[in-house]
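Everything below concerns the one structure shown next.
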Amino acid sequence: MSFMLKDIDLCSPFEEITISADRNGLGLLLRYRRRPIAFVMLDFQPGTSLSVEDILAIASRTTGRKLLQEKLREEFSFPADSSVQKSLTVAVCTRGRPQMLTRCLEALRRTRRPEEARLGELLSLEPQRYEILVVDNAPSDDRNQAVVGRFPDIRYVREPLPGLDFARNRAITEARGEFIAFVDDDVVVDEWWLEGLHGALEDNPDASGVTGLVLPYALETPAQILFESRGGFGRGFEPIRYGQVSPGNPLYPCGAGIFGAGANMAFRREVLTSLGGFDEALDTGVSLPGGGDLDIFYRLIRAGHTLVYEPRFAAFHEHRQDLDGLRRQYVSWGRGFAAFAVKSYRADPAQRAQFRRLAVWWCGYQLRELYRSLRRGDMSLVRMVLAELAGGLFGILGEYDRSSRRITKLRSRAA
Amino acid sequence: MNGYGPRRMVDIDIARPLPELQGDPDFAGAFAVIWRDRVPLCTLDIQNGELPLSPDAVLQSILQRAVPAIGWRLFGEDFAAHPPLPPGKRRNRNSPDLSAILNATDLLDRLDRSLEEEVETGGPTVSLIICTRNRPKQLAACLRAVGVLRPPPEELIVVNNSPSDKATEAVVREFSDIRYLVEPKPGLSAARNAGIAVASGEVIAFTDDDVEVTENWISRIKRAFADPDVMAISGLMLPRELETEAQVAFQLRLRRGISLPFRPLTFDSAFFEDWRSRGVPCWLIGAGANMAFRRQIFDHVGLFDERLGAGAAGCSEDSEMWYRILARGYSCRYDPACVVRHSHRRTVEEARTQAFLYMRGHVTALVVQAVEHGHLGNLVRLFAKLPWYYLREFTGTLWRGFDINARLTLSEIAGVPAGLCYAAAHIWQPKHRAYERLRVALAPTT
């Protein structure tokens with residue numbers, strides 16, 4: 001199984017699509033005036049030709065309403081408050097993947113707003129407003145430093161303590177921007193990512209956090225297709241404001257996965273500092289890979305701030321290519337989620353009843369997924385669900401405490 | 001935050017600059033109705049925790065929800081709504097014509113023009129019948145709203161049902177041009193039938209004494225009957241206020257989670273046949289507080305069933321009438337442009353009584369429908385679907401807690417055996433008094 005990816009803006013003329021001989025499906029991203037409005041995955045025989053009418057028919061089935069919605073939105077014009085100049089640091093925390101890092105940085109330099117220079121140029125044209133900062137986490141060699149050295153105007157910093165949240169917190173202290181965006185090193189930002197971030201902040205001037213749409217960078221392997229067909233990192237194509245209440249969500253805000261993905265997020269830097277930064281006992285790599293983003297989103301909301309999900313703030317993530325890697329990823333998500341839940345359960349007594357309900361819901365959800373996948377006879381899917389369940393169970397059994405002890409040791413060794 | 005706290009009522013016209021929505025400490029949230037030139041597009045229920053909302057955020061909330069109604073007005077069939085299908089059945093939906101949408105410009109101007117085209121002069125004559133019983137203050141407010149109707153109905157009839165004092169008559173006397181009559185047989189159906197017997201209009205419209213009609217209600221009704229195939233019209237019922245827990249709970253339960261439709265719906269024999277084997281959900285068609293009929297339909301199918309309705313079984317005289325109309329092959333049309341504002345019951349006790357009577361009436365109607373038409377689907381609903389529904393509702397209660405919603409559900413459940421008893425006792429009675437005898441009895445009026 002392997003899909004082609006195509007990106008079509010319905011406002012610009014587009015051509016027919018021919019499915020290559022080595023692909024048996026299509027992942028189609030539809031936009032309206034640069035704004036992503038739908039992502040569709042469809043099976044096709046290799047060699048199938050899709051005419052412009054075929055593509056319009058697909059678009060119509062999936063996004064006719066949304067298209068009308070976007071056209072209506074255009075007719076309500078609001079004066080954009082671009083008088084407020086915001087400064088931005090883009091932080092890429094990385095470890096040992098120089099080729100991916102190169103690709104990530106090149107995409108960052110290409111992103112822009114319409115009628116403006118690309119971010120790569122803005123780094124030298126407006127250095128007080130924009131910077132890109134690479135935090136190399138506990139590197140064992142100089143490869144990443146060499147990569148960054150090839151790009152003018154990109155800052156490089158080393159964080160010796162291993163752990164994604166050590167790196168993120170280092171980025172917070174080293175950054176100079178009022179806002180800090182975190183982009184994972186396996187992510188390629190959209191050309192209009194910068195427009196999306198500015199747009200989210202202009203529409204929601206009170207937002208302290210912004211999460212973005214994360215789409216697949218490739219659907220070349222069965223593992224990538226499986227992950228994306230379960231929803232991937234998608235949170236939809238409607239902007240969402242998250243505040244203190246979310247009617248209709250009885251588990252709010254404890255089910256922090258709804259807020260977005262850590263692979264593509266941005267914050268007001270002083271708010272992060274006021275929250276004490278990321279929890280370094282989470283996201284500690286092989287031992288506890290995950291949970292740091294859930295935790296920061298949760299604490300942001302609990303502290304009274306507003307978080308916004310903005311589909312225009314889009315990026316492409318390279319999903320795990322092989323099924324075993326994906327399975328390990330699911331285990332780590334289960335562990336990360338459980339660790340976050342346990343930590344928050346202890347730290348936030350007011351929400352304990354909610355967390356208990358969340359645990360019940362989570363188990364119910366996983367069991368339903370298991371039932372569904374067994375009915376379909378999809379054994380790889382069954383293994384993934386079992387992996388996430390297993391991760392959750394490990395996590396409940398003291399994962400967070402073990403991790404805390406580990407990092408205390410780390411910090412004392414470093415001191 | 002209490003999900004049943006009071007809501008501040010807000011009207012937002014998108015033809016004007018959008019407002020910022022502020023929180024109000026006296027209310028738990030805001031209930032906004034979104035309009036474009038007096039045509040409703042959608043509603044928004046916003047909790048205080050989500051407020052304040054900037055105009056941008058208000059727009060974002062509105063856009064997604066208003067698209068179906070706007071899409072229908074601009075692109076017609078492509079965005080048309082259809083009556084719901086039973087679970088398990090699927091409808092082949094036509095996808096909208098994407099190039100038409102892509103190439104369209106000036107959408108809001110086109111929307112305004114389509115709304116202008118709808119203002120109707122002429123059309124059938126309308127007799128408006130209001131039945132009332134011992135609620136003089138509400139009746140006064142209702143009649144004041146009726147007085148603002150532009151155009152007014154050609155005839156306004158107030159039927160005082162089995163009054164216990166002169167208060168209602170006194171209120172009616174304060175207004176002019178009302179044909180007033182008294183119907184001594186208690187029951188909303190009996191009163192409605194008395195009104196029909198004396199009405200002279202080509203179209204007979206009904207509203208209730210706890211309702212305030214909107215200024216263009218009659219105009220919209222006339223417009224809706226322009227299509228000669230339309231025999232019955234129902235309209236949109238919005239809340240007048242949501243100040244008490246009982247009112248909010250009633251509003252949220254109104255359509256059992258199916259949101260108020262803001263696009264016209266045609267209920268026809270296809271809809272009837274789809275549902276017949278499991279009980280046709282005629283209560284989805286509308287509410288007796290906002291309905292109108294071409295008068296000859298009463299010659300075809302008869303008058304309102306006097307065993308049903310407030311004062312008798314408790315409810316469902318309206319849905320049973322629609323059932324008969326559909327069973328005969330005629331169509332009913334729901335038109336959300338015909339808008340009224342209803343005052344829901346304020347206290348929990350009244351709401352519980354209402355819930356009980358609603359179910360008692362509904363169960364009686366199911367028996368009546370099964371007996372009169374031989375449609376066993378009504379019994380399938382009564383003995384299979386309803387119990388299953390209440391079982392699910394109760395497991396939901398374990399999750400959500402025993403709140404006012406659960407109390408109302410309990411009252412409803414009590415209505416079921418009560419309905420069976422009522423039906424057993426009254427099924428032997430005739431459906432209604434003979435039309436001709438009614439006309440003669442009511443002929444000389446004050």
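Which one of these does B:Glu77 not meet: (1) modelled with pLDDT under 90; (2) buried (at least 21 other Cβ atoms within 10 Å of the Cβ); (3) more than 8 Å from chain A (Cβ to nearest Cβ)?
The one condition B:Glu77 does not meet is (2).
Cβ contacts < 9 Å: first residue more than 9 Å from chain B (Cβ to nearest Cβ) and under 13 Å from A:Leu30 (Cβ atoms), restricted to the range A:46-58; second residue at pLDDT 95 or above and assigned to a helix (DSSP H, G or I), any location; separation 6+ or different chain. Result?
none
Name every residue in the range A:192-223 that is within 14 Å of chain B (Cβ to nearest Cβ), open to solvent by 40 Å² or more (accessible area, probe 1.4 Å) and not in a helix (DSSP H, G or I), in order of residue number.
Listed by number, the residues that qualify are A:Pro205, A:Asp206.
Among the residues of the range A:341-358, is there at least one that is part of a loop (DSSP other than H, G, I, E, B), over 30 Å from A:Asp7 (Cα atoms) and at pLDDT 90 or above?
yes
Being of a type outside the set (Asp, Glu) and closer than 23 Å to B:Arg110 by Cβ is the filter; apply it to the range B:25-39 and report the residue that is surrounded by the fewest Cβ atoms within 10 Å (Cβ to Cβ).
B:Arg38
Looking only at residues in the range A:258-282 that are outside any loop (DSSP other than H, G, I, E, B) and open to solvent by 30 Å² or more (accessible area, probe 1.4 Å), which one is nearest to the other protein chains (Cβ to nearest Cβ)?
A:Ile258
Residues of the range B:51-61 being open to solvent by 20 Å² or more (accessible area, probe 1.4 Å) and either within 7 Å of chain A (Cβ to nearest Cβ) or among the acidic types (Asp, Glu) (or both), which ones?
B:Pro55, B:Asp56, B:Gln60
Kindly establish whether B:Ser95 is within 23 Å of A:Arg241 (Cα to Cα), surrounded by fewer than 19 Cβ atoms within 10 Å (Cβ to Cβ) and at the interface with chain A (Cβ under 8 Å from one of its Cβ atoms).
Judged against the criteria, B:Ser95 is not a match.
Go through (1) open to solvent by 10 Å² or more (accessible area, probe 1.4 Å); (2) in a helix (DSSP H, G or I) for B:Leu326 and report which single condition fails.
(1)
Looking at A:Gly325, A:Gly304, A:Gly290, A:Gly334, which is the one that is on the phi > 0 side of the Ramachandran plot and either assigned to a helix (DSSP H, G or I) or in contact with an Asp or Glu (Cβ under 8 Å, 6 or more places away or on another chain) (or both)?
Unique residue meeting the criteria: A:Gly290.
If I ask for residues that are open to solvent by 40 Å² or more (accessible area, probe 1.4 Å) and in contact with a Pro (Cβ under 6 Å, 6 or more places away or on another chain), which ones from the range A:24-55 would you list?
Selection gives A:Asn24 alone.
Can you tell me which residue within the range A:103-126, out of those that are in contact with a Lys or Arg (Cβ under 9 Å, 6 or more places away or on another chain) and more than 16 Å from A:Phe182 (Cα to Cα), is most open to solvent (accessible area, probe 1.4 Å)?
A:Arg110
Got a sec? Which of B:Gln22, B:Gln64 is closer than 21 Å to A:Ser246 by Cα, more than 11 Å from every other protein chain (Cβ to nearest Cβ), free of Cβ contacts under 8 Å to residues at least 60 places away in the same chain and open to solvent by 40 Å² or more (accessible area, probe 1.4 Å)?
Only one candidate passes the filter, namely B:Gln22.
Quick test of your reading of the structure: A:Phe233 fulfils all but one of (1) assigned to a loop (DSSP other than H, G, I, E, B); (2) in contact (Cβ under 8 Å) with a residue 12 or more places away in the chain; (3) within 14 Å of chain B (Cβ to nearest Cβ). Name the failing condition by number.
(3)
Sort through B:Ala287, B:Ala310, B:Ala226 and tell me the only one that's open to solvent by less than 30 Å² (accessible area, probe 1.4 Å) and among the aliphatic types (A, V, I, L, M).
It is B:Ala287.
The values are calculated or read from the model by the stated rules, or taken from the named source; none is laboratory data. Just so you know, these numbers come straight off a predicted model, no measurement behind them. Ideal geometry is used to build each Cβ from the backbone, glycine not excepted, and the neighbour counts take in all protein chains shown. For the accessible areas, the whole protein counts, side chains as well, though only heavy atoms, and no ligand, DNA or RNA atoms are used. Shrake-Rupley method; radii C 1.70, N 1.55, O 1.52, S 1.80 Å.
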